[in-house]
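What follows is a short report on a single structure.
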Amino acid sequence: MAHGEVLEFEEYVRTRQDALLRSARRLVPDPVDAQDLLQTALVRTFGRWDGIADKRLADAYLRRVMINTRTEWWRARKLEEVPTEQLPDASIEDSTEQHADRALLMDVMKVLAPKQRSVVVLRHWEQMSTEETAAALGMSAGTVKSTLHRALARLREELESRSRHESGHRALDREETERCAA
């Protein structure tokens with residue numbers, strides 16, 4: 001790769017790194033994993049930088065690399081999860097309502113399959129059109145729509161389930177407080 005290409009890539013990363021990290025953070029829930037995902041995608045993109053004819057499409061190319069990398073990681077993971085009857089309480093560090101909602105949504109997004117998660121992230125967070133999402137993911141617009149529909153239905157179910165679960169815990173806490181006070 002020519003020296004000018006290297007400098008162009010460095011400038012691209014400098015100007016777009018915050019937005020790209022936000023995209024990575026939406027694809028994987030852990031901030032450290034998001035940094036690793038972005039770094040891996042940047043390394044893979046650097047090797048192909050001179051092949052990207054229209055540099056205005058570099059963000060789309062890099063997002064696609066992140067999605068593919070995340071999918072590779074997901075497929076390679078070891079399934080050490082043990083199913084339980086009740087979900088653990090979601091811990092929320094920030095006390096503001098907006099951050100709490102965002103943390104809950106990021107936690108709930110874990111129930112989606114990688115393909116569903118990718119569609120939701122690109123359509124709603126990245127605000128890409130159905131056609132842009134379809135092109136980025138290599139699927140038809142109809143598949144994007146149906147995948148999005150199923151993903152949003154799954155998210156609603158999960159949020160309702162967590163709401164019922166939390167309501168039950170509050171009722172038990174009140175009963176216990178009343179017993180202790182008596």
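For this structure, a couple of remarks:
- Among Met106, Met66, Met128, sorting on how many other beta-carbon atoms sit within 10 Å of each Cβ, with the fewest leading, yields Met106, Met128, Met66.
- Summing charges over all other residues whose Cβ lies under 14 Å from the Cβ of Ser161, with Lys and Arg as +1 and Asp and Glu as -1, gives -2.
- Multiplying the residue separation of Asp33 and Val111 by 0.36 nm and removing their Cα-Cα distance gives an extension gain of 26.3 nm.
Just so you know, all these numbers are worked out from the coordinates, no wet-lab data involved. Just so it is clear, the model here is predicted, and its values are computed rather than measured. Quick reminder, even Gly has a Cβ in these numbers, built from the backbone with ideal geometry, and neighbours come from all protein chains shown.
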